[in-house]
There are 2 protein chains.
Amino acid sequence: MTDVFVDPSVTTGPITGSSKVYREIDGVRVPFRRVNLTNGEHLDLYDTSGPYTDDDAVIDLTAGLRPRSNVIRDRGTQLQRARAGEITAEMAFIAAREGVSAELVRDEVARGRAVIPANHNHPESEPMIIGKAFGVKVNANIGNSAVTSSIGEEVDKMVWATRWGADTIMDLSTGRNIHETREWILRNSPVPVGTVPIYQALEKTNGDPTKLTWELYRDTVIEQAEQGVDYMTVHAGVLLRYIPLTVNRVTGIVSRGGSIMAAWCLAHHTESFLYTNFAELCEILARYDVTFSLGDGLRPGSIADANDEAQFAELRTLGELTKIAKSHGVQVMIEGPGHVPMHKIVENVKLEEELCEEAPFYTLGPLATDIAPAYDHITSAIGAAIIAQAGTAMLCYVTPKEHLGLPDRKDVKDGVIAYKIAAHAADLAKGHPRAQERDNALSKARFEFRWHDQFALSLDPDTAREFHDETLPAEPAKTAHFCSMCGPKFCSMRITQDIRDAYPNGVPDEIAQGMAAKSQEFADHGNRVYLPLAP
Amino acid sequence: MTDVFVDPSVTTGPITGSSKVYREIDGVRVPFRRVNLTNGEHLDLYDTSGPYTDDDAVIDLTAGLRPRSNVIRDRGTQLQRARAGEITAEMAFIAAREGVSAELVRDEVARGRAVIPANHNHPESEPMIIGKAFGVKVNANIGNSAVTSSIGEEVDKMVWATRWGADTIMDLSTGRNIHETREWILRNSPVPVGTVPIYQALEKTNGDPTKLTWELYRDTVIEQAEQGVDYMTVHAGVLLRYIPLTVNRVTGIVSRGGSIMAAWCLAHHTESFLYTNFAELCEILARYDVTFSLGDGLRPGSIADANDEAQFAELRTLGELTKIAKSHGVQVMIEGPGHVPMHKIVENVKLEEELCEEAPFYTLGPLATDIAPAYDHITSAIGAAIIAQAGTAMLCYVTPKEHLGLPDRKDVKDGVIAYKIAAHAADLAKGHPRAQERDNALSKARFEFRWHDQFALSLDPDTAREFHDETLPAEPAKTAHFCSMCGPKFCSMRITQDIRDAYPNGVPDEIAQGMAAKSQEFADHGNRVYLPLAP
């Protein structure tokens, strides 16, 4: 690979209470996390973790993961093949993985409502789909900067993030060894990898945005596409004429890519080279099937700046660019905010869908308030759940370190878990058929005091068990019909069991009839409650 | 007080970067947390922490806090006095504290849309209001159980919770020393204290719900009212005929109070003594001005059980009871779920307002999914933010330990902060005039690299600073115009400043006109984007 020293230590083996299974579905071999329950049942969950969680995982980071053998490079992009009516190997895998028909996958991709980020040169990745007809996905950002971390740490974070459910990874490294870091990540990543090529381009000008050129940028994109980057954030919507719209904002331009391009446009007083060369860029991406992630360089960086003219002007331009990209057969998703108060969130989705032909929306949170640095995984999980319910296809996580520093291993896990919560809450609200199965299985285990099952079915079995054991560590407490909250005498669930026992044959007719009569009475009063006492 | 040993160690002194100020507003002396900014400005924030955060705090837990001198006992409840047109001392204090007119406070209380939980016997508390016309409030549950913790720990948690913003405290102790624990908490609490009297009543029957009687319960209520409990959860809506509706639920009855009353009803096959004696209970509560918190004993304990017939049947009965309580001059709020998927949340608020004459809604979360034990402060902050935006007046926090154990000091803080986020996000979404001031001040500080100010304005200055310092601990980094995320060469905010510098006199006319023309062109095309290339 390279001769940069990398500490090869990453976490392997199954998640506690689960085992990795590969099921043959419609002729495709698909991985699942199988939760093995103490009552003999099991539940298979969507799995993002790749071979690292295999029971007998043997990982050689210097060799990389075993590539898929069925990558086809000479028939164009997934979008082009979907339009031609082809169900690709990637689509078949995704259909089996998501539990939907392959035709649905093909159709959503053909319409541009879903993307399959799968660079021909990243065969180590297990195909996945981003689109609102499917489970809501989560991206985890990793990457070092000039002042922090090593390649080994970043590879470890990649494995760690996918272990807890990250569906894609973005390598946002900005320091030394950008190329080498990305190489290590790509060769070992079981999920698609995204980048922001302008970051590396800027390193090549020693940090001076005014020295950027189209040629330098283009060569960087080709370098990264050759390596296997699956999707690239391109801030081609930051146009010269939009820059003044940010002057009176509370937080100006907060996107790194956006501010770099704005600085370039201003310095040269000419239109963005990303915009003027967009067609050529499309041709490059089409060759590798790299997916566009059209960046929102003018996204709001504070509640005050949400949904302003600068933001929506850029979004209109992203709509133009979406059409151009698709006309070249390139898959497209659209990046979204940022910081948005709850009552302004849904408008973002509606406008994006209208302007960008329902291209998958990919949002950063948004944070529902600015006032909680160190807890922005929570401020943003609130916004993320709401925007995903409204139709966002993938959520870019925010960690507790947002605004304060780069995430370490703990932050990465905290961010991923918070975002799995948001994504799952949205799946439930959207009526995703598999989502509620898991809630029901966990709640049933909880109600039946199957503690081990409750832990195993949770997003983070280790922490759930650790918290339980802080007060009741002994093994018998794992099967006891009470817990530390109420103590043995006081358990509501035990009392409920007594109630169930009182009605072994179901609800008696006279009680059921009483309820029906009561219900009718309520309706007779115009659904208003009868007031038994004079006021 | 009592001779039970209590460790008198609680946290005192101002929050980092703030000082406690008492401002004279309309003749009332009101406490605020004043954030002192490095640019010479300051921002005064609503403060719940009582004298513990005074600069020169001298606290004697054995003596208790100094009582208010202006408590009037012989003119009835706040509701009765509001109806009579009186602006009480409590209302005047609240108006100054919330920044609204005293007449608004009086009117909302008179209409029953807001409550002021202020037992005449709890003069140590600083008056506050719960109602949807005011800032969204947060309650923190504390209390020991048969298997955990001491009185000293619970007093410490009370002080700790109010330090971080808890507006009320519920003492849910179920173990030994219930009376003494409550006494210590009441005498030292600067916020209203709520309880669930049935818990103590059950201790008196040694945990056997079938041995409960109205007389035993009534005497417990009087005992607690005499001590100064400000509001009491009463599960009077769990009627005999509703119990069978829970039999086929995934998680049956999960409310402790609800299950106790259900067990009693079933054992005696008669109607709940709380329901049949409700008028007498009202008379007792009116004497002290204890506020009802009508409990949702049949709230859903899982996503599967949300918004079901059992839950809504009880809610209709709570509507009946609301009218009865108000006819006795007793203030009322209504408790709500629990576990509810996002798409079913708003219906809860609509129905509560319709059935309960807009009595303040007080909800536990709700959790938007069941699958994340150990992270239920997050699953529920999502639901809490949404339900508060829809009109819930107070949010009962959920800590990371929910479903797993009782919260320790760290959990209490994590729960309070998560819920301050949810409440504040809702205040923003509801257009609360003071809410956005804080976001703007913090974002401005962030944009101007005033790190100390960013920390000081945040919900948790200590953790924000700690996270920042993990990567850049040196003091000069607190004023440096970059941070560890991007490093010095790469800072979007620095670049934005360059952009501002490029337009020192505002946006040039030709650019502004260009935007206007573009905007018009967009409108001319029916708000559809012009596609420059053929597909």
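General observations
- In the range B:278-289, the residues that are over 30 Å from B:P366 (Cβ atoms) and within 13 Å of chain A (Cβ to nearest Cβ): B:A279, B:E280, B:E283
- Scanning the range A:188-224 for residues that are of a type outside the set (S, T, N, Q), more than 14 Å from chain B (Cβ to nearest Cβ) and touching a His at 6+ places or on another chain (Cβ under 9 Å), we see that the one that is farthest from A:V58 (Cα to Cα) is A:E223.
- For the range B:239-277, a tally of residues being under 20 Å from B:T195 (Cα atoms), part of a loop (DSSP other than H, G, I, E, B) and within 11 Å of another protein chain (Cβ to nearest Cβ) returns 3.
- From the options A:D453, A:D411, residue that is under 30 Å from B:W451 (Cα atoms), more than 14 Å from the chain's Cα centre (by Cα) and acidic (D, E): A:D411
- Whichever residue in the range A:385-436 is among the basic types (K, R), surrounded by fewer than 24 Cβ atoms within 10 Å (Cβ to Cβ) and outside any helix (DSSP H, G or I) and, among such residues, is farthest from the other protein chains (Cβ to nearest Cβ): A:R434
- Scanning the range B:206-224 for residues that are buried (at least 17 other Cβ atoms within 10 Å of the Cβ) and free of Cβ contacts under 8 Å to residues at least 12 places away in the same chain yields a count of 0.
- Residues of the range B:311-329 that turn out to be among the acidic types (D, E), within 9 Å of chain A (Cβ to nearest Cβ) and either in contact (Cβ under 8 Å) with a residue 24 or more places away in the chain or within 23 Å of B:A384 (Cβ to Cβ) (or both), as a count: 0
- Tally of residues being small (G, A, S) and facing chain A (nearest Cβ under 10 Å) across the range B:348-379: 3
- The set of residues in the range A:260-277 being touching a residue at least 40 places away in the same chain (Cβ under 8 Å) and either on the phi > 0 side of the Ramachandran plot or within 27 Å of the chain's Cα centre (by Cα) (or both) consists of A:I260, A:M261, A:L274.
- You will find that of A:L274, A:L351, the residue that is closer than 28 Å to B:I382 by Cβ and either crowded, with 19+ Cβ neighbours inside 10 Å or not polar (S, T, N, Q) (or both) is A:L351 and no other.
- Enumeration of residues in the range A:99-112 that are in contact (Cβ under 8 Å) with a residue 40 or more places away in the chain and surrounded by fewer than 20 Cβ atoms within 10 Å (Cβ to Cβ): A:G99, A:A102, A:R111
- Residue in the range A:95-105 that is among the polar types (S, T, N, Q) and in a strand (DSSP E or B) present: no
- Any hit, the range A:330-347, residues being assigned to a loop (DSSP other than H, G, I, E, B), more than 25 Å from B:R446 (Cα to Cα) and either within 9 Å of chain B (Cβ to nearest Cβ) or not β-branched (V, I, T) (or both): yes
- Being more than 30 Å from A:H377 (Cβ to Cβ) and modelled with pLDDT of 95 or more is a property that holds for A:K323.
- Taking the numbered list (1) within 19 Å of B:V191 (Cβ to Cβ); (2) in contact (Cβ under 8 Å) with a residue 60 or more places away in the chain; (3) among the hydrophobic types (A, V, I, L, M, F, W, C) in turn, B:L79 passes all entries but (1).
- Condition check for B:N70 on (1) more than 29 Å from B:S9 (Cα to Cα); (2) of a type outside the set (G, A, S); (3) assigned by the TED database to the domain that holds B:C282: one failure, at (3).
- Of all residues in the range B:230-241 being in contact with an Asp or Glu (Cβ under 8 Å, 6 or more places away or on another chain) and of a type in the set (V, I, T), the one that is farthest from B:H122 (Cα to Cα): B:V238
The values are calculated or read from the model by the stated rules, or taken from the named source; none is laboratory data. All values reported here derive from a predicted model rather than from experimental measurement. Cβ coordinates were reconstructed from backbone atoms using ideal geometry, including for glycine residues, and neighbour counts include every protein chain displayed.
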